[in-house]
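Note sheet for the following structure.
Rule-based calculations on the coordinates, nothing more; no lab input. This is a predicted model, so every value here is computed, not measured. So basically every Cβ, Gly included, is an ideal-geometry build from the backbone, and we count neighbours across all protein chains shown.
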Amino acid sequence: MKLKDRGGLIKASPCVVRVCEETEKCFQRMHAVMGDRLPHTSSLLPAITHTVLSVVGNKCFDYLSSHMFDSTVDNNHVFNLTKCIAHCYSTIRLHHLAKRTTFVISGANIRKDMSKLILFKHQ
């Protein structure tokens, strides 16, 4: 089904969508193990990107396969692109988890809902 994009929306390629879906599966597995607690380790993002790279591997970005063999092993653009997409998605997802956790801890923002009442009571 094709939706209207009003001429400005850039649609992701199927390979980018697949990398994002695999990254989300990693987050779902992490959520099943840890529950609602946030991870407190700095090696989480590299671990997620490595897991996504091992699952997706050479299955994505087929149109870059000829270019992949032109570069060295440590400077492989296909692997770097996959890692970058997984890292960006993970960063956004972790920010979302942190924001949701902060909202649960602090509660609803009553200043936004009752701004006049709060101003009249000088709070």
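Some notes on this structure:
- Computed lengthening from residue 45 to residue 77, 0.36 nm per intervening residue step minus Cα-Cα distance: 9.6 nm
- Model label sites at residue 58 and residue 5, defined 7 Å from Cα along the beta-carbon direction, differ in position by 3.1 nm.
- Computed E for residue 16/residue 98 - FRET, C-beta separation, R0 30 angstrom, nearest 0.05: 0.80
- Were the residues from residue 27 through residue 91 laid out at 0.36 nm apart, the gain over their Cα-Cα distance would be 21.9 nm.
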